[in-house]
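Comments concern the structure below.
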Amino acid sequence: MTHDHDLVLRPTEAQISAALNPPAGRNGGDLVVETLAGLGATTVFGLPGQHALGVFDALRRSDLRYIGLRVENNAGFAADAYGRVTGEAAPLLLSTGPGALTSLAALQEAAAASAPVLAISSQIPTAGLGGGRHGYLHELPDQAASFRGVVKSVHTVRAQSQIPSAIEAAWKSALTVPHGPVWVEIPQDVLLAETAMPVVTGGDAFPEELPPRPELTAVAADLLSRAARPAIIAGGGVVRSDASGKLRRLAELLQAPVVTTPGGKGAFPWTHPLSLQSWLEDRHTTDFLEDADVLLVVGSGLGELSSNYHTFKPRGRVIQIEADLGKLEANHPALGIHADARLALQALLETVSKREDGAAPERVRSVLTKVADRIAAQQLTLEQDVLASVRRALPASSPSFWDMTILAYWAWSAFDPKGPNRMHSAQGAGGLGYAFPAALGAAVADPTYPVLAVSGDGGALYSIAELATARQYGLNVTWLIVDDGGYGILREYMTEAFGETTGTELARPDYVTLAESFGVPGVRTSAETLETDLAKALSTPGPSVVLLPVVLRMFAPTHLASD
């Protein structure tokens, strides 16, 4: 008896001939790039290094496009954005020791944001593996140990025959929900040694799906159908699984108001009558969600930013759909459904009953009015005008990437991304320097639209070297640098907590002149001319810098006990 899974495709005569007569001059690095190409990769990011030269030499013989950045961490951010935009596993090529370790902060962000990054690092020669101290350049006792707590999976190769399978396993791991970064390391001698192995011609690039358990979605559908005041929190999992359309249909069926987390920006239309937008850092929104008798949380772990800094205390029944098993019921008891958001929402669409609730849009308008009135009372016209100018200048279809800066904190709550997968920030891990290199990765992924990066002057200095990358590849990225003379948000935090600051004030360059020294046009703007100058920069092909010297303030928090 023959089973379907026992069937093996027979190779063609051409494939047999190619396998028996592999071209000369190939090494282990060729097996790496051939496997990547066979899995469907077209672009790789990274930096060369002494132990990784075998891979970089093989790139020369491949059709893969190489985008070289100037700092490994920035290369990781670029790969992260490429993965977010395309949904593909973005290869990141690194060298041993310092090069590998420099990528850790970027891989932490990719892990926190569930961005599929396939990091492939070299290692010291095979003879040095195992923890002995042989004195090789860049040697670490256990390089992989530095990454196990950050990435989804670690794969160490010790022989050329292991390369295709290890990379394929890592690729599938990166793309299995929840998406995330993975780590493959290959010793220098394995990469450099000549190989007689056949050319790698394909691979299984299809990860396993994560459907919901039907008995759980049946209970969830019943709870939602009978709810008096249902509400929905939509997180980044909705965006990553391309489930925005299903979310909208479910919300309309249930007449359930929807709020999106910072990672879920764009998962639900901003101006929809049921849209509570993204004002999670507001007590009016928190109170509304606490009052829901059934709260559906999709693709969010309800972490710090999504729970108004853990002050959110739901009183009704919580249903949580989450692909990351570790986040399921991590913060609140719930009917936990371990599943991909798209598949779970489809199951609910097939089983819920339509609800009639003509009062839901009015309840949404009431909350948004209260939020607007609270902000208006704080005399923050400048901040709102600046954010509105950015929104008007940025084409609706263009993606934007935001660093950890005051304007980004405003954007988490108040910026309309005009669609799913168009606004990204470093709010997952919260590191500085994300916006500009990530925007470069997005521009590589899709050159159709201009890309916007937004940084403060402190975060900009993390990424300034990548102006050379932007110029070298002619990437269509406009970089808005908000210069307030230091780490603005830390200045606010320290002033509030201690009455004075330490270490927040920064000497910085003339960013316009500095950009021009890289061959990148720059312009100094003001709050009054920002919209015009930013729109002009975005409409001009190639990289550019727009410098906005201004001191912005945050809106008052609502999660502190004194409020």
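The values are calculated or read from the model by the stated rules, or taken from the named source; none is laboratory data. Computed from a predicted structure; not experimentally measured. All Cβ positions, glycine included, derive from the backbone under ideal geometry; neighbour counts span all protein chains shown. We work out accessible area using only protein heavy atoms, side chains counted, and drop any ligands, DNA or RNA first. Shrake-Rupley method; radii C 1.70, N 1.55, O 1.52, S 1.80 Å.
Cα-Cα over 31 Å: which of 265/370; 152/370; 265/354; 172/536; 370/418?
Cα-Cα > 31 Å for 152/370; 172/536; rest within.
Please name which of 331, 278, 166 has its Cα lying farthest along the dipole of the chain towards the positive end, using unit charges on Cβ (Lys, Arg +1; Asp, Glu -1) and the Cα centre as origin.
Of the candidates, 278 comes out farthest on the positive side.
Suppose the chain between residue 330 and residue 66 were pulled fully straight at 0.36 nm per residue; how much longer would it get relative to their current alpha carbon spacing?
Stretched out fully, the residue 330 to residue 66 stretch lengthens by 91.0 nm.
Relative to the longest principal Cα axis of the chain, at what angle does helix 435-445 sit, 0 to 90 degrees, rounded to 10?
60
Is the range 355-423 best put as rounded, prolate or oblate by its Cα gyration tensor, with a ≥ b ≥ c the root eigenvalues, rounded for a/c under 1.5, and otherwise prolate when a/b is larger than b/c, oblate when not?
Because a/c hits 1.5 or more and a/b fails to exceed b/c, the range 355-423 counts as oblate.
Using only the heavy atoms of the protein chains and a 1.4 Å probe, how would 406, 464 rank by accessible area, largest first?
From most exposed to least exposed: 464, 406.
Report the gain in length on full extension from residue 146 to residue 353: 0.36 nm times residue separation, minus Cα-Cα distance, nm rounded to one decimal.
Working it through step by step, the gained length comes to 69.6 nm.
Quick one: check the C-alpha center-to-center distance for the range 34-65 versus the range 222-291, whole angstrom.
Comparing the Cα centres of the range 34-65 and the range 222-291, I get a distance of 42 Å.
Kindly sort 206, 415 by accessible area of their heavy atoms, largest first, with the probe set to 1.4 Å.
Accessible-area ranking of 206, 415, largest first: 206, 415.
Tell me, what ³J(HN,Hα) does each residue in the range 277-283 have, in order and in whole Hz, if you take phi through Karplus 6.51 cos²θ - 1.76 cosθ + 1.60 with θ = phi - 60° and put x for Gly and Pro?
Rounded to whole hertz, the list is 6, 10, 7, 6, 8, 8, 5.
Just to confirm the number: angle between the C-alpha axis of helix 104-113 and the first principal axis of the chain, 0 to 90 degrees, nearest 10?
50
Select from 462, 107, 90 the residue farthest towards the positive end of the dipole of the chain; place +1 on Cβ of Lys and Arg, -1 on Cβ of Asp and Glu, and compute about the Cα centre.
Farthest towards the positive end: 90.
Please list, ordered by chain and number, the residues whose modelled amide H lies under 5 Å from the amide H of residue 319; skip anything fewer than 5 residues away on the same chain.
295, 296, 297, 335
Using helices alone, what [θ] at 222 nm do you get for the chain, with -39,500 (n - 2.57) per DSSP H run of 4 or more residues, divided over all residues and rounded to the nearest 500?
-11000 deg cm²/dmol
Ignoring ligands, DNA and RNA, what percent of the 1.4 Å accessible area of the chain is carbon and sulfur?
53
Nearest 10 degrees is fine. How inclined is helix 163-175 to the longest principal axis of the chain, computing both from alpha carbons?
Taking the Cα atoms of the chain, the angle to 163-175 is about 10 degrees.
Using the alpha carbon gyration tensor of the range 169-208, what are the three equivalent-ellipsoid semi-axes (square root of 5 times each eigenvalue), largest first, in whole Å?
With the √(5λ) rule applied to the range 169-208, the semi-axes are 26, 15, 4 Å.
If you average the sequence gap of Cα pairs under 8 Å that are 6 or more apart and divide by the length of the chain, what percent do you get for the contact order?
Taking the mean separation of contacting Cα pairs over the length of the chain, I get 13 percent.
What figure in square angstrom, to the nearest 10, would you give for the accessible area of residue 67 with a 1.4 Å probe?
10
Give the accessible surface of the chain per residue, rounded to a whole number of Å², with probe radius 1.4 Å and ligands, DNA and RNA excluded.
Ligands and nucleic acids excluded, the figure is 40 Å² per residue.
Any idea what the dipole of the range 411-487 comes to, in debye rounded to 20, about its Cα centre with Lys/Arg Cβ at +1 and Asp/Glu Cβ at -1?
So the dipole magnitude of the range 411-487 works out to roughly 220 debye.
Of the beta bridges DSSP finds with both residues in the chain, what % are antiparallel, to the nearest 5?
5
Charges at C-beta only: +1 for Lys and Arg, -1 for Asp and Glu. How large is the resulting dipole of the range 328-456 about its Cα centre, in Debye rounded to 20?
Dipole about the Cα centre, nearest 20: 220 debye.
If you filter the range 330-396 for trypsin sites (Lys or Arg not before Pro), then keep DSSP loop positions with at most 11 other Cβ within 10 Å, what is left?
Filter output for the range 330-396: 354.
Label 7 Å along Cα→Cβ of residue 42; the range 522-549 residues with amide nitrogen under 20 Å?
Taking a point 7 Å out along Cα→Cβ of residue 42, the residues of the range 522-549 whose backbone N falls under 20 Å are 542.
Suppose a student asked you for the relative contact order of the range 15-143, using Cα pairs under 8 Å spaced at least 6 residues apart; what percent would you report?
23
Note down the magnitude of the dipole of the chain about its Cα centre, charges +1 on Lys and Arg C-beta and -1 on Asp and Glu C-beta and zero elsewhere, to the nearest 20 debye.
My answer is approximately 600 debye.
I'd like to know which of 292, 543, 37 lies farthest towards the positive end of the charge dipole of the chain, counting +1 on Cβ of Lys and Arg and -1 on Cβ of Asp and Glu.
Most positive-ward Cα: 292.
Which order do 239, 390 take by accessible area at a 1.4 Å probe, largest first?
Largest to smallest exposure gives the sequence 239, 390.
Need one word for the range 210-326: rounded, prolate or oblate. Basis is the Cα gyration tensor (sqrt eigenvalues a ≥ b ≥ c); a/c below 1.5 gives rounded, then a/b vs b/c decides.
rounded
Provide the FRET efficiency to the nearest 0.05 for the residue 134-residue 560 pair, computing r from the beta carbons and using R0 = 56 Å.
0.55
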